[in-house]
Amino acid sequence: MASIAALSPNARSLTTHFCKLENNYYSFKFNVANTSCLTTKRHGGDHDLNPRCILSIVRASGRRTSPRNVDLVNGVHVIGEASLFSGGAPLLAEESGIDGEKPLHDCLLGRFVEDKFVYGQTFIIRSYEIGPDKTATMETLMNLLQETALNHVTCSGLAGNDFGATREMSLRKLIWVVTRVHVQVQRYSCWGDVVEIDTWVDAAGKNGMRRDWIIRDYHTQDIITRATSTWVIMNKETRRLSKIPYQVREELIPFYLNRIAIPSYENDIDKIDKLTDETAERVRSGLAPRWNDMDANQHVNNVKYIGWILESVPINVLEDFNLTSMTLEYRRECRQSNLVESLTSTTAPAAAATGDSRNNLQYTHLLRMQPNKAEIVRARTQWNSKPKQNY
């Protein structure tokens, strides 16, 4: 039986578990600590749940569903192939609560689409996840990748007490930290589009783990984004890297899948050169982490770095080009008290290779501590010109 994060109107009312039944439905088991969710005895049981506290049973067949089938997207049933905002028959079928109200809990469950090896989840691109051109941003994609990865750990039954850590890691006060991420984007989704994300893990050397993702368009099943990442373990108290303990490795091995999202000949594995004050073309100083930029591991969330990197990219590039590839090399963590600088410089070979720098740009980036110049993240980005659109 695997745990799901508690979903409740307050911190102590409900915790939930689910198990897969023979008919491929997931059922929920409640541990109730708040009597406001209980009604009087019914059907021979001691208590029953108030309708306002009931979670619906969700069908999750363990295999990829057809775009024509009913599926859950961000906690709402999606029916049919058309866009969620197209005309015609209604496409959203919401679970009704008491007296026509929406249920107190809406839960989106992902599913294992290839036994226990590949975990998939479906999302709608929301209005606050798009940029000025009405498409999802790189930060949006990275947040969705992170969400899918964390839910993979939870639904696999491995989740411990810490952010994305396994039980054996939590016992040893260990957490995951990412060292490298490479993302390739074929096409950015628009507001209201539905995407499917698959993720899986494998070993990366003796003391690392690789996590890969694929994002598909829900309706066409075309792959629109591929990503790969490398993770290592850190002690959350000493903030020092650690070898993977035997007990943790034994937890992970049953879930390892020898598959890569990005072919080796397309993966960006080249070293990223360090920028300096002399080689940087643009510098943006005074970037300060906010409280909301911190994650549960008590450092700046790795997705936040993308926004800081783009602060030193020329505005005309942001307006006229799509970010089609990004590679991040994480050097050290950033805390709330740190002040950050963003450096950017054009990489000449990219323009020379195509003969037309207007259609293919490449930049090298550096995030560093402002006072002592200590490196936080090195990055490399590639950009292609956007197609002309009428707004």
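The values are calculated or read from the model by the stated rules, or taken from the named source; none is laboratory data. Keep in mind the model is a prediction, meaning the values are calculated, not measured. Ideal geometry is used to build each Cβ from the backbone, glycine not excepted, and the neighbour counts take in all protein chains shown. Keep in mind that these areas ignore ligands, DNA and RNA; they rest on the heavy atoms of the full protein, side chains included. Shrake-Rupley method; radii C 1.70, N 1.55, O 1.52, S 1.80 Å.
Things worth noting here:
- Of the residues making up the range 151-203, those that are of a type in the set (A, V, I, L, M, F, W, C), open to solvent by 30 Å² or more (accessible area, probe 1.4 Å) and assigned to a loop (DSSP other than H, G, I, E, B) are Phe163, Trp191.
- Applying the criterion of being of a type in the set (D, E, K, R) and out of contact with any helix residue (DSSP H, G or I) (no Cβ under 8 Å at 6 or more places or on another chain) to the residues of the range 201-224, the residue that is farthest from Val177 (Cα to Cα) is Asp222.
- Subset of the range 286-333 that is closer than 19 Å to Met369 by Cβ, touching a residue at least 60 places away in the same chain (Cβ under 8 Å) and small (Gly, Ala, Ser) - its residue that is surrounded by the fewest Cβ atoms within 10 Å (Cβ to Cβ): Gly286
- The one condition in (1) at pLDDT 90 or above; (2) closer than 29 Å to Gln247 by Cα; (3) among the hydrophobic types (A, V, I, L, M, F, W, C) that Ile130 fails to fulfil: (2)
- Qualifying positions in the range 138-150 - open to solvent by 30 Å² or more (accessible area, probe 1.4 Å) and in contact (Cβ under 8 Å) with a residue 60 or more places away in the chain: Glu139, Asn143, Gln146
- Test for Arg378: is it modelled with pLDDT of 95 or more and over 22 Å from Ser189 (Cα atoms): yes
- Residue within the range 97-107 that is modelled with pLDDT of 95 or more, of a type outside the set (D, E, K, R) and crowded, with 19+ Cβ neighbours inside 10 Å present: no
- In the range 228-280, residue surrounded by the most Cβ atoms within 10 Å (Cβ to Cβ) [restricted to those that are among the polar types (S, T, N, Q) and outside any loop (DSSP other than H, G, I, E, B)]: Ser229
- Selected residue (criterion: modelled with the lowest pLDDT) from residues of the range 334-351 that are exposed (fewer than 15 other Cβ atoms within 10 Å of the Cβ), over 11 Å from Gln370 (Cα atoms) and over 24 Å from the mean Cα position of the chain (by Cα): Pro349
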